[in-house]
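Written below as structure tokens is the structure these notes are about.
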Amino acid sequence: MTKKTIFPVSRVHEPLRADVEIENGQVVDATVGATLFRGFENIMIGRDPRDAALLTQRICGICSSAHAIAAALALQEAFHVEPTPNGQHLMNLIFAADIIQNHLRHFYILAIYDYVKGPNMPPYAPRPEGDYRLPQKRNEELLAHSKEGMLKAMRAHEMLAIFGAKIPMQQTILVTGVTERATVDRISAYRSILHELIEWVEQVYLYDVAVVADYYKDYYSIGSTTGNMMSYGMFPQPITGKREYAPGIIVAKGKTEPFDVAKISEDIKYSWYQTDIIPRNPQEGTTTPHRDKKDAYSWIKAPRYAGKAFEGGPLARSWISGEYQRGTGVMDRIITRAQETLSICKLADGWLSQLSLDGPTFSNYTPPMQGEGIGLTDAMRGGLGHWLNIKDGKIVHYQIVTPTTWTFSPRDEQGQRGPVEEALLGTAVENTEDLIEVGRIIRSFDPCFTCAVHMIDAPAGTPSMII
Amino acid sequence: MLSRREFIQLCMSATVGMSLTEYLIPVMQSAFAQNKITKAPVIWLELGSCTGESVSLQNAINPSLEQLLAESLDIRYHWLINVASGDDVTKILEDTLKEEEGNFWLIVEGSVMTAENGRYNEIFMRNGKMVTGLEAVQEIAEKAKYVIAVGDCAAFGGPAAAYPNPGKAKGVWEVVNKQVINIPGCPTHPDWMSGTFTHLLLYGIPQLDSYNRPLLFFSKTIHDLCQRRQQFEDGIFADSPGSTGCLYKVGCKGPITHADCPLRQWNHSVNWPVKAGAPCIGCASPHFPDGTSPFYKHLPDTPTSFGRLNIKKISAGLVAFGIGGVGTHFAFAVVKKRIHKHYIKGTKPLETIPPETLEQAKQELKELTKQNQALLSITTKSDAKQALQHRKWWRRKLAAFLHPKNKDGE
């Protein structure tokens, strides 16, 4: 048996350590852990609740608007206010642009070099040895596209800044909408970039993904999970609040079931937090880091839905909506991410035409002194939830459960693994020195540890709410 | 190649619709052609960060910047873009440390987590042991030619260091014994990075302020450069974010934040917060976020271990310095020579940048007092001289009166 540690796993957002045990050319055990703790939820306590959307997005530079949206949703519930129709559309447009840029960057900057050989210079060289199967011509072609892909991701960020002022860390999302106006020049600027991106996604991104999938067919089954998938849904429509992507749960590749927020809990047996204080109630939850805890190997907690681990992200959303139900492997994740990019582009195009010119994009309100709210949305890589409590006009409790915590969760008390650890099990590896397969599996989940590594406490016992 | 002065002008005059990097390419190419510079090997460390600075730098990557980067920065270690993983990538790091000692640049993104001796943030392995970010940054900075902190976290601790600072996050300059060039912002603007990097390559360390920020980009306040400045002068204030008028009363931190966002704008000059109706939250300030929040209130509550201090409560001390500063400044300007000079030459007295902190205020006060004393001594001398001349004049006058013939007699 060989034990191998990969640390740091590169081309993921923030530090990740993976330990794998290999026997007879197969992964027989795996642990993945995150190695950064910042404690954002503690920082939120005692602050003006209106700052939540601006401060929580500082958790992550790649999916900042997702946090702003979740915080705004939680505050809307706590303040009993609704976004204006234009405000909701603009929030959706900002978020859509961010998802598009994230998916493009994931494929063209992070994942592509698992399959394509880059130029022979740092940082592309050295590279892990392994089966790079693309013929020279295809390889060159995809490499050229990767440069263009970065530019398109940059264009998507420009598109975001039209209504979001700047990005990373957009600044215009408020509790009832967006401070920027829906003027004709802004709408047409957004539309022109969007159309450029639609054309490119249809003609290049989907094609590139198809090329990779064609040469790496075995990766449809490599990196498979048992098929527990969840989504909080995303892009609420104005007024009705119905989400364009519906929330739902799938257990073991079964049927889509309704989602119930009360069934979420978190486990910290293998996380670096003291176990003697486990008030799982978010109203009282505190976190005491305990770096020397025995057996623990991650700053990530283990969130569970009805006691089980779940995977989120484009694959889960596609299964839940029924658009794609082929499998749960590496390629399925990459393909659904590309397909989702196109469908979000098209949704955004629709919202643009629903904007009323110069209509109000936010409304004025007086923040109440008390309140509590839950903001659930899907982010790029899965379900993101913000739970908050306000007393005397200040935040007294804040808690965030991010997508990467779900997918990269360590084991729980019952010894159940998180989705990624599970996906790694049984993987055949060619070369124990380079473990290129492990990297491919990990990156297919689009991990983002910046978000994942500052969890506070379990939301079990929150007021039940079914969306 | 541009002269340093021309380069500085280029950096400071942000032109609409273009990014600075696009202007820098020809400059870099001519410098390369003349063999005036060579690529700088770079180790880019991510500590307690959100990857925002790397993403921001990716936004500057257009074909030309990629070219610029390919030619100017030889990024050896950056785990977001390194293709190799694990031991292979750690080896690149170790090799660079050995081969390029004293020559490579260390660029740090994210704050240094110092709690539990840095064990809240481990970043790679060496001989089977986990290495903390704190350890790594101290060791690597020692051997680096330049240490550059990008983003507010690496520069000053940033959001991760907000009260109660659970991970004891600190800025890089608080943990290393070396000059650190701070390029703040949350995130930092790609132009601020590429401009500073280019200055380092072509001319060495740029002129820095007391917070080690390059004056190229951080010499003026947002308020000074703001498009809504006239509305401030005219007393037109917005009553909520998103409304027309100056956003000062709904929390804009432009007056206390040094950065050139209004000129440069973001994401290829598409927009910037105040233009989009969102008050500046002071993300490039050394006191972000505690000193600039609540973001929608114009008098910040500063969280401290003694509870939340409102600026009103601590203003007494600041006011003393403020008045002292202004008073001295005024005295300085009123000294007749200076006033005389300004009126004769038709120039206006220079506006001073309001101090950001007590420390800065103290420093400025000290400088002003010094200048004031120097001027006063000149004035005293000149006064004495004048009195002498005056006496001489009287004496002559008196002599002329007493002996008028003396004058006429010749």
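The values are calculated or read from the model by the stated rules, or taken from the named source; none is laboratory data. These numbers were taken from a predicted model, which means no experiment stands behind them. Please note: Cβ atoms are built from the backbone with ideal geometry, for glycine as well, and neighbour counts cover all protein chains shown. These accessible areas exclude ligands, DNA and RNA; they are computed on the full protein's heavy atoms, side chains included. Shrake-Rupley method; radii C 1.70, N 1.55, O 1.52, S 1.80 Å.
The set of residues in region A:148-168 being without any contact (Cβ under 8 Å) to a residue 24 or more places away in the chain and more than 21 Å from the chain's Cα centre (by Cα) consists of A:Leu151, A:Ala165.
Of all residues in region B:112-127, those satisfying the criterion of being facing another protein chain (nearest Cβ under 8 Å) and without any contact (Cβ under 8 Å) to a residue 60 or more places away in the chain are B:Ala115, B:Glu116, B:Arg119, B:Glu122, B:Phe124, B:Met125. For A:Ile62, are the conditions met, namely being within 8 Å of chain B (Cβ to nearest Cβ), in a helix (DSSP H, G or I) and crowded, with 20+ Cβ neighbours inside 10 Å? Answer is no for this residue. Within region A:365-394, being touching a residue at least 24 places away in the same chain (Cβ under 8 Å) and farther than 30 Å from A:Asn102 by Cα holds for A:Tyr365, A:Pro367, A:Pro368, A:Met369, A:Gly371, A:Glu372, A:Asn389, A:Ile390, A:Gly393, A:Lys394.
Taken residue by residue, region A:73-96 has at least one member that is in contact with a His (Cβ under 7 Å, 6 or more places away or on another chain), outside any loop (DSSP other than H, G, I, E, B) and either away from chain B (no Cβ under 12 Å) or open to solvent by 10 Å² or more (accessible area, probe 1.4 Å) (or both).
Filtering region A:214-246 to residues that are aromatic (Phe, Trp, Tyr) and outside any loop (DSSP other than H, G, I, E, B) leaves A:Tyr215, A:Tyr219, A:Tyr220, A:Phe235, A:Tyr245. Scanning region A:352-383 for residues that are outside any loop (DSSP other than H, G, I, E, B) and open to solvent by 40 Å² or more (accessible area, probe 1.4 Å), we see that the one that is nearest to A:Ile264 (Cα to Cα) is A:Glu372.
If the condition is being within 14 Å of chain A (Cβ to nearest Cβ) and within 17 Å of B:Val147 (Cβ to Cβ), then region B:191-249 contributes B:Trp192, B:Met193. Looking at region A:163-184 only, could you name the residues that are in a helix (DSSP H, G or I), open to solvent by less than 10 Å² (accessible area, probe 1.4 Å) and among the hydrophobic types (A, V, I, L, M, F, W, C)? A:Phe163, the sole residue that qualifies. Could you please find all residues in region A:119-154 being within 7 Å of chain B (Cβ to nearest Cβ), under 26 Å from B:Gly86 (Cα atoms) and buried (at least 17 other Cβ atoms within 10 Å of the Cβ)? Those that are within 7 Å of chain B (Cβ to nearest Cβ), under 26 Å from B:Gly86 (Cα atoms) and buried (at least 17 other Cβ atoms within 10 Å of the Cβ): A:Pro122, A:Pro123, A:Tyr124, A:Arg127, A:Pro128, A:Met150.
The test for being in contact (Cβ under 8 Å) with a residue 60 or more places away in the chain, assigned to a loop (DSSP other than H, G, I, E, B), of a type outside the set (Gly, Ala, Ser) and buried (at least 19 other Cβ atoms within 10 Å of the Cβ) does not hold for B:Cys11. The set of residues in region A:2-35 being part of a loop (DSSP other than H, G, I, E, B) and facing another protein chain (nearest Cβ under 9 Å) consists of A:Phe7, A:Pro8, A:Val9, A:Ser10, A:Arg11, A:Val12, A:Glu14, A:Pro15, A:Thr35.
Filtering A:Ile187, A:Ile249, A:Ile198 for residues that are modelled with pLDDT of 95 or more and open to solvent by less than 10 Å² (accessible area, probe 1.4 Å) leaves a single hit, A:Ile249. Looking across A:Ile193, A:Ile249, one residue alone is in contact (Cβ under 8 Å) with a residue 24 or more places away in the chain and outside any strand (DSSP E or B). It is A:Ile193. Pairs meeting the criteria (first residue in region B:178-196 and without any contact (Cβ under 8 Å) to a residue 24 or more places away in the chain, second residue open to solvent by 10 Å² or more (accessible area, probe 1.4 Å) and among the acidic types (Asp, Glu), beta carbons under 6 Å, at least 6 apart or on different chains) are lacking. The set of residues from region A:1-47 being in contact (Cβ under 8 Å) with a residue 60 or more places away in the chain, out of contact with any strand residue (DSSP E or B) (no Cβ under 8 Å at 6 or more places or on another chain) and at positive phi comprises just one member, A:Arg11. If you check A:Ala213 against the conditions, is it touching a Ser or Thr at 6+ places or on another chain (Cβ under 6 Å) and either at pLDDT 95 or above or open to solvent by less than 50 Å² (accessible area, probe 1.4 Å) (or both)? So A:Ala213 does not fit the description; no.
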